[in-house]
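Take a look at the structure set out below.
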Amino acid sequence: MVDTTDAPTAERRAERLELRVPTSPTQLPAVRAMAGDLAMRMDFDLDAVEDLRLAVDEACATLASIALHGSPLTVVFEATRDALRIDAWVPTAEGTDVPRDGFGWAVLHTLVDSVDAGPSTQAAVPAGDGSSTAVARIALAKYLRRPAAGGAVEQPDHDVSVAR
């Protein structure tokens, strides 16, 4: 990732990376590797990096299981100063929803700070072609915890600080 700050006090602008891969099990590890690499470059701790890798792997496997045969998996990573947001989607048959039961869904909720899923269209997803073609999407977010004064850890978009 390229540093987009002009000065040490300037905020980094959001950076976006789009990745499109076949839904083949042999290609999904590339998405997992990209998530880990971006998280490391953003200075997530090692546990958070592994959490993101596992969450992305689970989300991609879930989407691959409901994708139309031969359709690609699209994953959009957005790195901001405070979080890594990941939006993944696949073309599906009309009316197909993302399974939200079972162990995989529980794993996603445990590993990231925010998870949302459901049916959508290519007009409504990042990197979509603007059409009304049906897709299923999973959106994840993991927030950076930054040390604050006094040893607490700031949690963006959260009401609590955790003491170290």
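The values are calculated or read from the model by the stated rules, or taken from the named source; none is laboratory data. Values in this document were obtained by computation on a predicted structure and should not be read as measured data. All Cβ positions, even for glycine, are placed from backbone atoms using ideal geometry, and neighbour counts span all protein chains on display.
Total residues in the stretch 38-73 satisfying the condition of being surrounded by 15 or more Cβ atoms within 10 Å (Cβ to Cβ) and of a type in the set (S, T, Y): the figure is 2.
Residue count for the stretch 98-125, restricted to those that are farther than 20 Å from Y143 by Cα and in contact with a Lys or Arg (Cβ under 9 Å, 6 or more places away or on another chain): 6.
Scanning the stretch 68-115 for residues that are among the polar types (S, T, N, Q), closer than 16 Å to L28 by Cα and in a strand (DSSP E or B) turns up just one, T74. Report yes if I138 is of a type in the set (A, V, I, L, M), touching a residue at least 60 places away in the same chain (Cβ under 8 Å) and surrounded by 17 or more Cβ atoms within 10 Å (Cβ to Cβ), otherwise no. For I138, the condition - of a type in the set (A, V, I, L, M), touching a residue at least 60 places away in the same chain (Cβ under 8 Å) and surrounded by 17 or more Cβ atoms within 10 Å (Cβ to Cβ) - is met.
If a residue has to be surrounded by 15 or more Cβ atoms within 10 Å (Cβ to Cβ) and modelled with pLDDT under 95 to count, how many in the stretch 83-103 make the cut? Can you show your working first?
Residues of the stretch 83-103 surrounded by 15 or more Cβ atoms within 10 Å (Cβ to Cβ): 83-92, 96, 98, 100.
Now narrow it down to the ones that are modelled with pLDDT under 95: 100.
Total meeting the criteria: 1.
Determine which member of the set S131, S65 is in a helix (DSSP H, G or I) and more than 28 Å from M40 (Cα to Cα).
Only one candidate passes the filter, namely S65.
Only one residue in D82, D87 is touching a residue at least 60 places away in the same chain (Cβ under 8 Å) and not aliphatic (A, V, I, L, M). Which one? Only one candidate passes the filter, namely D82.
For every residue, the table says whether it meets (1) more than 15 Å from the chain's Cα centre (by Cα); (2) aliphatic (A, V, I, L, M); (3) over 23 Å from V135 (Cα atoms).
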{"site": "D45", "(1), (2), (3)": "yes, no, yes"}
{"site": "D57", "(1), (2), (3)": "no, no, no"}
{"site": "A61", "(1), (2), (3)": "no, yes, no"}
{"site": "G70", "(1), (2), (3)": "yes, no, no"}
{"site": "A83", "(1), (2), (3)": "no, yes, yes"}
